[in-house]
Amino acid sequence: MRILFGLIMAFGLAGAMPASAKDALSLTPGTETAADGRPVRYEIGAIEVPENRAKPGSRRITVGVLRIKAAKPGGQPPIFLLVGGPGVTMLDTIGDPSPAARRRLGSWLDYSATNDLVIVEQRGYTLRGDMLELHYPAMPLDRPATVEDDVAVMRRLANEAAAANPGRDLSGYTIAECADDVDAVRRALGYPKIGLMGASFGSQWSFAVLKRHPGTVARALIASAEPLNNGYDMPGHVFAVLQRVAFEAEQDPALRPFIPQGGLIAAARTVRDRFAKGPITVDLPEGKVVIGLGDYQQALFAKVVNAARWPAFVIDLYHGRYQAWAREVAEGRKAGTQSLIGPLIDTATGVTATRLAQLESDPALDMLGRWNFAAYTASAGLWPSTDLGDGFRLPVRDETPILFVQGDWDANTPMENLLDLLPWFPNARALIVHRGQHNGPMPLLRDHPDTAAAALRFLREGGMAELPSRVEAAPVKFALPAASG
């Protein structure tokens, strides 16, 4: 079965599967109010689909769906908005009175001005179906974090996943099945073609739709690109983001007096070398916490996700100011819960042997370690989800018109991912946002409303003539280190 399934995906024929008569979609109308007072009329419900399409008679599950019909239909394909994660929902916007939810409703109205807007949830993390969870144990405070401990926990969780979810076929929780869910909704709503908007995992999900169902996507607007074979980022590409942030931070007049001699990257290496010699113990009011090289490697990445605060973090550690960070480490070692579909989907997607060899020999491993991939690659064969094979992971030529919007300060999905992928999409165009971090296309372009409008116009109608290849986000106001106060 696995060989046949891999061949079907490799040749892009899986989308030719006939729609099941039981893939019933049921939507109920409702109305919310956006932040600016506009009424948002929507339809919400779920589609019933097989848990594993590769198995005849598979259990049926439900996946949440929301649609907002176009205010003034322009005869163009609908926009399918694929959210990030895996393990994120947007249907919780309905009924949420918070200002953020009200603003999101306003953006949905903007998207649906001339095209229907459709949101499909992720199987296994859907408010209209199962919300599968994974429970991580607390990690000890009296020794530093290590990759080996992380791998051991992940392998144990993988071995326990099936028993912890009786009656569920976890082999069906893959990005390929998520892509098929999107196509099931497309067919149920009667759309010949669709447009896609996705960022981060939503971009990878979009690539899966393109791979599984060729010819059904009219165009796509993709941000923070994560190709199917790039679920685990190269440490060197992440380190390049640190270098780009450091270069600009060193030019900042307010921060310049605090920059250690040799610059921020040299300071970061000094701290790394310090922890390589052995861990340290930090006394907190609630007790002691032991911090080591692994904790520092994780923090270098976690902190640069907010570029404005990363330089101050490095400077504080360079001068031995560990208290604030130690509190964060202690908090991070508490027991927690996350979506189960995260490891199910990511390990099934996986990477090729060639990319894994590159990850394992990357020159930036000394600074960032193997945290980005080790636990998943070491447990991949233990999770119940079905490995999708290299025929699925590797790119193929695709002439779908795509506008890629990518920040060059994005450490979650570095822009090198996109640069490697572009040759496979001859009708694509890349728009690089200097200082842009990990975000969706409209937030990345918020400082350029005319460009954002042109990007949305492309998604609605096609045509990229008005789009530049590069813009700059507003300059960053860097936080100052603790000693500045």
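The values are calculated or read from the model by the stated rules, or taken from the named source; none is laboratory data. As the structure is a prediction and not an experimental result, all values here were calculated from the model. Cβ coordinates were reconstructed from backbone atoms using ideal geometry, including for glycine residues, and neighbour counts include every protein chain displayed. In case anyone asks, the SASA skips ligands and DNA or RNA and just uses the protein heavy atoms, side chains included. Shrake-Rupley method; radii C 1.70, N 1.55, O 1.52, S 1.80 Å.
For the stretch 434-447, the set of residues classified as open to solvent by 20 Å² or more (accessible area, probe 1.4 Å) and either part of a helix (DSSP H, G or I) or in contact with a strand residue (DSSP E or B) (Cβ under 8 Å, 6 or more places away or on another chain) (or both) consists of His434, Arg435, Gln437, His438, Asn439, Met442, Pro443, Asp447, listed by residue number.
Annotation note: of Leu431, Leu418, Leu422, the sole residue that is free of Cβ contacts under 8 Å to residues at least 60 places away in the same chain, within 25 Å of Arg457 (Cα to Cα) and part of a helix (DSSP H, G or I) is Leu422.
For the condition more than 19 Å from Asp183 (Cα to Cα), open to solvent by 30 Å² or more (accessible area, probe 1.4 Å) and not aromatic (Phe, Trp, Tyr), what is the one hit in Gly87, Gly106, Gly129, Gly57? Show your work before the answer.
On the way: Gly87 fails: open to solvent by 30 Å² or more (accessible area, probe 1.4 Å); Gly106 fails: open to solvent by 30 Å² or more (accessible area, probe 1.4 Å); Gly129 fails: more than 19 Å from Asp183 (Cα to Cα).
Only one candidate qualifies: Gly57.
Out of everything in the stretch 70-83 that is open to solvent by 20 Å² or more (accessible area, probe 1.4 Å) and either touching a Gly at 6+ places or on another chain (Cβ under 7 Å) or not small (Gly, Ala, Ser) (or both), what residue ends up being nearest to Gly350 (Cα to Cα)? Before the answer, list the steps.
Of the residues in the stretch 70-83, the ones open to solvent by 20 Å² or more (accessible area, probe 1.4 Å) are 71-77.
From the residues that got through so far, the ones that are either touching a Gly at 6+ places or on another chain (Cβ under 7 Å) or not small (Gly, Ala, Ser) (or both) too are 72-73, 76-77.
On the way: Lys72: 42, Pro73: 40, Gln76: 35, Pro77: 32 Å.
Top of the filtered list is Pro77.
Rundown of residues vs (1) over 14 Å from Ile402 (Cβ atoms); (2) of a type in the set (Asp, Glu), yes/no style:
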| position | (1), (2) |
| --- | --- |
| Arg155 | yes, no |
| Ala162 | yes, no |
| Pro166 | yes, no |
| Glu177 | yes, yes |
| Ala184 | yes, no |
| Tyr191 | yes, no |
| Ser203 | no, no |
| Leu228 | yes, no |
| Val245 | yes, no |
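Of all residues in the stretch 188-211, those that are within 18 Å of Gln76 (Cα to Cα) and open to solvent by 10 Å² or more (accessible area, probe 1.4 Å) have Cβ atoms under 7 Å from Cβ atoms of residues that are assigned to a strand (DSSP E or B) and of a type in the set (Gly, Ala, Ser), 6 or more apart or on another chain, in Lys193/Ala218. Is the stretch 135-145 home to any residue that is open to solvent by less than 50 Å² (accessible area, probe 1.4 Å) and touching a strand residue (DSSP E or B) at 6+ places or on another chain (Cβ under 7 Å)? Checked the stretch 135-145: at least one residue is open to solvent by less than 50 Å² (accessible area, probe 1.4 Å) and touching a strand residue (DSSP E or B) at 6+ places or on another chain (Cβ under 7 Å).
Tell me, which residue of the stretch 448-473 that is in a loop (DSSP other than H, G, I, E, B), open to solvent by less than 50 Å² (accessible area, probe 1.4 Å) and among the hydrophobic types (A, V, I, L, M, F, W, C) is modelled with the lowest pLDDT? Quick ask: steps written out before the conclusion?
First, the residues of the stretch 448-473 that are in a loop (DSSP other than H, G, I, E, B): 448, 462-469, 473.
The next check asks that each one be open to solvent by less than 50 Å² (accessible area, probe 1.4 Å); those that pass are 462, 464, 467-468, 473.
Okay, now just the ones that are also among the hydrophobic types (A, V, I, L, M, F, W, C), so 464, 467, 473.
Details: Met464: 92, Leu467: 95, Ala473: 97.
Restricting to residues being in a loop (DSSP other than H, G, I, E, B), open to solvent by less than 50 Å² (accessible area, probe 1.4 Å) and among the hydrophobic types (A, V, I, L, M, F, W, C), the top hit is Met464.
Among the residues in the stretch 305-312, are any closer than 30 Å to Asn165 by Cα and touching a residue at least 60 places away in the same chain (Cβ under 8 Å)? No - not one qualifying residue is present in the stretch 305-312. Annotation note: Cβ proximity below 7 Å between a residue of the stretch 471-484 that is touching a residue at least 60 places away in the same chain (Cβ under 8 Å) and among the aromatic types (Phe, Trp, Tyr) and a residue that is part of a loop (DSSP other than H, G, I, E, B) and open to solvent by less than 40 Å² (accessible area, probe 1.4 Å) (sequence gap 6+ or interchain) occurs for Phe478/Asp252; Phe478/Leu255; Phe478/Ala308. Report yes if Ala276 is surrounded by fewer than 20 Cβ atoms within 10 Å (Cβ to Cβ), among the small types (Gly, Ala, Ser) and at negative phi, otherwise no. So Ala276 passes the test.
Is one or more of the residues making up the stretch 349-362 surrounded by 17 or more Cβ atoms within 10 Å (Cβ to Cβ), among the acidic types (Asp, Glu) and either part of a strand (DSSP E or B) or touching a helix residue (DSSP H, G or I) at 6+ places or on another chain (Cβ under 8 Å) (or both)?
First, pick out the residues of the stretch 349-362 that are surrounded by 17 or more Cβ atoms within 10 Å (Cβ to Cβ): 349-351, 355, 359, 362.
From what is left, the residues that are among the acidic types (Asp, Glu) are 362.
If we keep only those that are either part of a strand (DSSP E or B) or touching a helix residue (DSSP H, G or I) at 6+ places or on another chain (Cβ under 8 Å) (or both) as well, we get 362.
Looking through the stretch 349-362, at least one residue is surrounded by 17 or more Cβ atoms within 10 Å (Cβ to Cβ), among the acidic types (Asp, Glu) and either part of a strand (DSSP E or B) or touching a helix residue (DSSP H, G or I) at 6+ places or on another chain (Cβ under 8 Å) (or both).
Residue-level check: of (1) open to solvent by 20 Å² or more (accessible area, probe 1.4 Å); (2) within 25 Å of Asp180 (Cα to Cα); (3) outside any strand (DSSP E or B), Arg67 misses just (3).
Matching residues to (1) more than 29 Å from Ala474 (Cα to Cα); (2) of a type outside the set (Val, Ile, Thr); (3) open to solvent by 10 Å² or more (accessible area, probe 1.4 Å):
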| position | (1), (2), (3) |
| --- | --- |
| Thr270 | yes, no, yes |
| Ile280 | yes, no, yes |
| Glu286 | yes, yes, yes |
| Asp316 | no, yes, yes |
| Arg321 | yes, yes, yes |
| Ala326 | yes, yes, no |
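Kindly check whether there is at least one residue in the stretch 47-70 that is charged (D, E, K, R), at pLDDT 95 or above and out of contact with any Asp or Glu (no Cβ under 9 Å at 6 or more places or on another chain). Among the residues of the stretch 47-70, not one is charged (D, E, K, R), at pLDDT 95 or above and out of contact with any Asp or Glu (no Cβ under 9 Å at 6 or more places or on another chain), which makes the answer no.
Taking first residues from the stretch 435-452 that are farther than 23 Å from Ser206 by Cα and in contact (Cβ under 8 Å) with a residue 40 or more places away in the chain and partners that are open to solvent by 30 Å² or more (accessible area, probe 1.4 Å) and of a type outside the set (Val, Ile, Thr), the Cβ contacts under 7 Å between residues at least 6 apart in sequence or on separate chains come to Arg435/Glu472. The single condition among (1) touching a helix residue (DSSP H, G or I) at 6+ places or on another chain (Cβ under 7 Å); (2) without any contact (Cβ under 8 Å) to a residue 40 or more places away in the chain; (3) within 22 Å of Gly278 (Cβ to Cβ) that Gly369 does not meet is (2). Within the stretch 148-162, being of a type in the set (Val, Ile, Thr) and either surrounded by fewer than 17 Cβ atoms within 10 Å (Cβ to Cβ) or under 21 Å from the mean Cα position of the chain (by Cα) (or both) holds for one residue alone: Val153. List, please: which pairs have Cβ atoms under 7 Å, are six or more places apart or on different chains, and start with a residue in the stretch 333-361 that is within 14 Å of Asn372 (Cβ to Cβ) and end with one that is in a helix (DSSP H, G or I) and polar (S, T, N, Q)? Cβ pairs passing all conditions: Thr347/Ser379; Leu356/Thr377.
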